[in-house]
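The values are calculated or read from the model by the stated rules, or taken from the named source; none is laboratory data. Keep in mind it's a predicted model, so treat the numbers as computed, not measured. FYI the Cβ positions are ideal-geometry reconstructions off the backbone, even for glycines, and counts take in every protein chain you see. For accessibility, only protein heavy atoms count, side chains too; no ligands or nucleic acids. Shrake-Rupley method; radii C 1.70, N 1.55, O 1.52, S 1.80 Å.
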There are 2 protein chains.
Amino acid sequence: MESSTQTKFPLVVIIGAGFGGLRVAKGLEDQPVDVLMLDKHNYHVFQPLLYQVATGSLEAESIAFSIRKNFSDQKNFRFRIAEVTGVDTEAQTLDTTIGDIKYDYLVIATGSTTNFFGNKQIEKFAMPMKSIPEALNLRYLILQNLESAVLEKSKEAREPYLNFVLVGAGPTGVELAGALAELRNHVLARDYPELKREDMRVYLVDFLPKVLGPMSDEASAKAKDFLVKMGVDVLLNVKVESYDGEVIKFEDGRTIITRNVIWSAGVMGVVPKGVPETEILRGNKIKTDNISRIAGLDNVFAIGDVAAVIDEETPKGHPGVAQVAIQQGDLVAKNIINIMNGAPTKPFKYNDKGSLATIGRNKAVADLGKIKFQGFFAWLVWMFVHLISLLGFRNKVVVFVNWISSYVNNNGGTRLILRRFVREDVPKDAENLPNTES
Amino acid sequence: MESSTQTKFPLVVIIGAGFGGLRVAKGLEDQPVDVLMLDKHNYHVFQPLLYQVATGSLEAESIAFSIRKNFSDQKNFRFRIAEVTGVDTEAQTLDTTIGDIKYDYLVIATGSTTNFFGNKQIEKFAMPMKSIPEALNLRYLILQNLESAVLEKSKEAREPYLNFVLVGAGPTGVELAGALAELRNHVLARDYPELKREDMRVYLVDFLPKVLGPMSDEASAKAKDFLVKMGVDVLLNVKVESYDGEVIKFEDGRTIITRNVIWSAGVMGVVPKGVPETEILRGNKIKTDNISRIAGLDNVFAIGDVAAVIDEETPKGHPGVAQVAIQQGDLVAKNIINIMNGAPTKPFKYNDKGSLATIGRNKAVADLGKIKFQGFFAWLVWMFVHLISLLGFRNKVVVFVNWISSYVNNNGGTRLILRRFVREDVPKDAENLPNTES
């Protein structure tokens, strides 16, 4: 039985090193508990900037941070790379890829993954972008298709490589569309003299009537306006019917020939096996009370994207954003201590700090409570907020340097194909690597 | 037939975007030729810093540079991602993975790869480090083995994961040994509280009686001295007999249990099929005359690690270092123009600017002609020379920031396992990636 308890203190096991999980662990520093964090990766990912890894403007290392390094000064913290294959809430144990682990308190902070709504064909051919390996795969696909386009003689033959269809006009879709439009407008003709700017097209598709659904109408309208001015084809009220790797079909009969379909149309929680089925809601969210606890389980909590606090105020839970996970993480840490001390627990009240989305150079939209603004200042705020939120001084500086150099020479990004990406013959474990290299 | 000639100018095809290839292309800027560069990757690699990618102190993107971006202002330059499968010097064509290419002048600048001297078993289990994917694989192996060590309860069980054996005490072996020793001395106990510094051991093995063979005796002696003080076991006059993935055996009967064997004991040229066998020397180097031309072929040149200028002054050719490739690249560009103009060609004279090697923080050795010095100042010179040699302002700054932050908090590096590395079941194309991601 794997366990890192070196003391007689109760063991708090945290599954997932996302925004929420990190805050629970930090919140338990210097408390009379042992903390064991499990994650399939040895790093925390700053998801809001993933799309810049996908477009090659940032290196993966600048938006990820070593979990061990982050907690190297926290005495009661231990970390293991592990995947949780099952939860036994009776025996209070976890089945994991590194053996069974007994917990006293469990925090499920496993986040969410891409939701293809059961469409296996689209899942096979469309590109998701929820993890660093996924973002890197997407980067390689985009760059490889530009290289393939260069080899084709006719405009028709280049089309499938140079049409980019982004399904889902949430922040991810909007920011990717903007980044691809800038690649087209500023980089394409310079780096690929064989290609013309007009040859590349970027489509942003959503079944809703607006982009950035959850944001204000001003923000949505302005974001769409920015995108259109940048040359993005924004297709709203459009539902995807199928994608076979070559042609994407919409329910209104329209089709686009493309080898680049990026799917950010929905997410679903990553719920470990063993969580009571009765407590799992639509979109794989775990229903919790207002202290993020699963009904009937005194010592099991769920926070962030995988959870939904359901009460009269929030019948549908909270939005799947970092701030919710962060605030729930802070509170769960406090409440675990309260419970241990027999003190009353504090209920969760979400403090919405507003939302930001960037479309491109000097272009962003901001809803900060009643204050709504768009354009250059919103873009500065967006950059500032993201820089200070990044873990680690080094990452802040490296990202800043990348952004400056992109801004100055308008040809930012390293755009390296570090490994070739192929759709065919997928090994069992998608994260595995070969041990040889030519 | 793939060809990028848009003009009536002769086509110079350059195979390889290493130090030499880049200089040939730049040297032909604004000349009445078309330049087509072929490489299997879309980036140039700054090899001298590869070992820092392997130890997780630098991200791959900072030591690589986009070939297209680098030449985006050179009108007569074209680039293709391609592998050359054969050269037909009669028909003056190349067989490549993107079709046949006809050349008027050919420059073979394909560099070198790891030489296992025919030992298939060692080749299967030891880690090479000549490319970015290889350096990343090595990083993942090292970090995964530290994670595996954490899971083991006994010192004996941890041993195979914590013994590191570096075969070959050239610059690569010495710099890796130093970097691993610093990981052990400064990072291990902090990031892995379950492990003790003494548990990790770093061995540097060479069959020669000295480290940094080609350098001065002062440099070699001081480098060894530095390594020993840092806790590296330096085993000289020792030949490797076998390595089966678990135990490395030496000819003197000694054995070490280890899952980390890194092989930098030799290199060999990467010679395209079709180069006359008679002109290929030991270690797969192509024999050339003093203008880097292959005997009997008026329009085919070979430079850098894959070539050897053989004449009375250099019966064994020149050392396999960047400076030789760079100077040969500059000269070949000039001589191609001279040949086109019927002007006399200039013979190659190697201007040896000396050599540097770093062992660690404040520790390096320098042989600059007659001037030989070691220690802190040599280390500053090493950093300065490598920074200014890096392509791109962004890379210079990012690497500098990394080094500063490493120096200040003595716990540098991101050390992320972006993809799991497995020895077993190697896919056919080692560079391919799966298209899904869990």
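Quick notes
- Coupling constants for segment B:257-274 follow from the phi torsions by the Karplus curve (6.51 cos²θ - 1.76 cosθ + 1.60, θ = phi - 60°), and in residue order they are 7, 7, 9, 10, 10, 10, 9, 10, 8, x, 10, 9, x, 9, 9, x, 4, x Hz; glycine and proline get x.
- Modelled FRET efficiency - R0 45 Å, A:PHE207 with A:GLU277, Cβ distances, 0.05 increments: 0.95
- Within segment B:44-87, backbone nitrogen closer than 13 Å to the virtual label 7 Å beyond the Cα of B:ASP100 toward Cβ: B:86-87
- At most 14 other Cβ within 10 Å, DSSP loop - trypsin sites (Lys or Arg not before Pro), segment B:248-316: B:ARG254, B:LYS273, B:LYS316
- Inter-chain Cβ neighbour count for B:140-151, averaged per residue, equals 3 (cutoff 10 Å, partner chain atoms only).
- Each residue of segment A:208-225 was assigned a 3J(HN,Hα) from its phi angle through the Karplus expression (A = 6.51, B = -1.76, C = 1.60, θ = phi - 60°), giving 7, x, 9, 7, 6, x, x, 8, 5, 4, 4, 4, 4, 4, 5, 4, 4, 4 Hz with x at Gly and Pro.
- Among the GluC sites (Glu not before Pro) in segment A:278-314, those placed in a DSSP loop whose Cβ has at most 13 other Cβ atoms within 10 Å are A:GLU312, A:GLU313.
- Compared with its chain on its own, segment A:113-137 contains the following residues whose accessible area drops by 50 Å² or more in the full protein assembly (probe 1.4 Å; ligands, DNA and RNA excluded): A:ASN137.
- Cross-link partners of B:LYS349 among lysines (Cα-Cα below 28 Å; sequence separation of 8 or more within a chain): B:LYS26, B:LYS130, B:LYS285, B:LYS287, B:LYS316, B:LYS334, B:LYS370, B:LYS372
- Amide H within-cut-off set for B:GLU83, under 5 Å, with H built and near neighbours excluded: B:THR97, B:ILE98
- Each Lys and Arg adds +1 at its Cβ and each Asp and Glu adds -1 at its Cβ; summed about the Cα centre, segment B:48-174 shows a dipole of about 280 debye.
- Quotient of Cα Rg and 2.2 N^0.38 Å for the protein assembly as shown, N being how many residues it contains: 0.98
- Qualifying chymotrypsin sites (Phe, Trp or Tyr not before Pro) for segment A:354-391 [loop in DSSP, other Cβ within 10 Å: at most 13]: none
- Kirkwood estimate for segment A:1-84, i.e. one over the average of 1/r between Cα atoms, Å: 13.7
- Karplus 3J(HN,Hα) series, Hz, for segment B:365-375 with 6.51 cos²θ - 1.76 cosθ + 1.60 (x for Gly, Pro): 10, 9, 10, 10, x, 6, 7, 10, 8, 9, x
- Interface residues in segment A:174-199 - accessible area drops by 50 Å² or more relative to the isolated chain, probe 1.4 Å: A:ASP191, A:GLU194
- For B:62-75, mean number of other protein chain Cβ atoms within 10 Å: 4
- Relative to the longest principal axis of the Cα atoms of chain B, helix B:393-409 runs at roughly 10 degrees.
- Each label was represented as a point 7 Å from its Cα along the Cα-to-Cβ direction; for A:ALA91 and A:ASN237 these points are 5.7 nm apart.
- Computed on the Cα atoms alone, the convex hull of segment B:144-234 gives a volume of 85 cubic angstrom per residue.
- Dividing the radius of gyration of the alpha carbons in chain A by their Kirkwood radius gives 0.98 for Rg/Rh.
- Among A:VAL87, A:TYR105, A:MET37 the positive-end extreme of the charge dipole of segment A:1-142 (Cβ point charges): A:MET37
- Farthest positive-ward along segment A:309-382 dipole, Cα basis, beta-carbon charges - from A:GLN323, A:PHE376, A:ALA364: A:PHE376
- Fraction of accessible area attributable to carbon and sulfur, segment B:27-149 (%, probe 1.4 Å): 46
- Treating r as the C-beta distance of B:ASP30 and B:ASN338 and R0 as 22 Å, the FRET efficiency rounds to 0.90.
- Label-point separation, B:ASN362 to A:LYS349 (7 Å along Cα→Cβ), nm: 5.4
- In terms of the mean number of neighbouring beta-carbon atoms within 10 Å, the peptides A:329-336, B:299-306, B:241-248 order highest first as B:299-306, A:329-336, B:241-248.
- Dipole of segment A:1-84, positive end: most advanced residue of A:PHE9, A:LEU28, A:GLN74 [Cβ charges, Cα centre]: A:PHE9
- Segment A:ASP244-A:SER389, length gained on full extension (0.36 nm per residue, minus Cα span): 48.3 nm
- Between A and B, buried accessible area from a 1.4 angstrom probe totals roughly 7100 Å², ignoring ligands, DNA and RNA.
- Accessible area expressed per residue, segment B:1-144, with surrounding protein chains retained (probe 1.4 Å, Å²): 32
- In the assembly of identical copies, A:ASP217 has its label point, taken 7 Å from Cα in the direction of the beta carbon, separated from the corresponding points by 8.7 nm (ascending, one decimal).
- Computed over chain A, relative contact order equals 19 percent, with contacts defined as Cα pairs under 8 Å that lie 6+ residues apart.
- CD proxy at 222 nm, helix term only [per DSSP H run n ≥ 4: -39500 (n - 2.57); per residue of chain A; nearest 500]: -9000 deg cm²/dmol
- Copies compared at A:GLU277 - label distances in nm, ascending, label defined 7 Å from Cα in the Cβ direction: 7.0
- Rounded to 10°, Cα long-axis angle of helix A:322-340 versus longest principal axis of chain A: 10
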